[in-house]
Amino acid sequence: MKLQHASRIAIATFISLLPLCAHSAEAESASAAGMSPEELAKASERIRQTGEQMRADLKEARARLDAQKAQQAERARQQAIKEAAEQAAIKEAKQRQAQEAVQAKARQETAQRAEQAERERQAALAEQRVKEEQAAKERAAKALMEARQSAGPKAFADESDKERAARALMEARKSAGPKAFAEDGL
């Protein structure tokens, strides 16, 4: 591109100097050839017209070159805008991915906390059931002991061991409720 520009400048300089060189050469040849002043004036006029035509051609070439440069600058500007838009889109996509990753991590942590809370709740319920069962068994044992003390040792003599256990269990269930022995299957 720079070489083209330099060659155009050299051509323009040559063309602008051409009328001067031609005029002096023509004047020498006319004087040597014995041309009349009218012929010299006509030749001079032709040279002047040729010089003007060359200048006009040069201006036109310069205008085309300027238009071409303007087009290239416009293309470069549009390319820069396009690249900036692509970079912005890439940046936005990365931000969106990062935000989605943060949200996914937060959801995972929330789910883990919920699972932990559920495990703790289940453990607390199981511990409470064990305590209730133990309390019910203690009440049943106490009720049995009171029943033996109030009726004496012979009160349950005619009952079998199974019947006594069933009666104690019934009394324990009444005092603790039906859920106290749900896991025992009795």
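Can you find, within segment 5-36, the residue that is modelled with the lowest pLDDT among those that are more than 26 Å from E60 (Cβ to Cβ) and touching a helix residue (DSSP H, G or I) at 6+ places or on another chain (Cβ under 9 Å)? That would be A30. Going by the structure shown, is L40 surrounded by 12 or more Cβ atoms within 10 Å (Cβ to Cβ) and under 16 Å from I11 (Cα atoms)? Taking the combined requirement at face value, the residue does not satisfy it.
Looking at V102, is it of a type in the set (V, I, T), closer than 30 Å to A166 by Cβ and without any contact (Cβ under 8 Å) to a residue 12 or more places away in the chain? Judged against the criteria, V102 is not a match.
The values are calculated or read from the model by the stated rules, or taken from the named source; none is laboratory data. Here the structure is a predicted model, which is why all the values come from computation and not from measurement. So basically every Cβ, Gly included, is an ideal-geometry build from the backbone, and we count neighbours across all protein chains shown.
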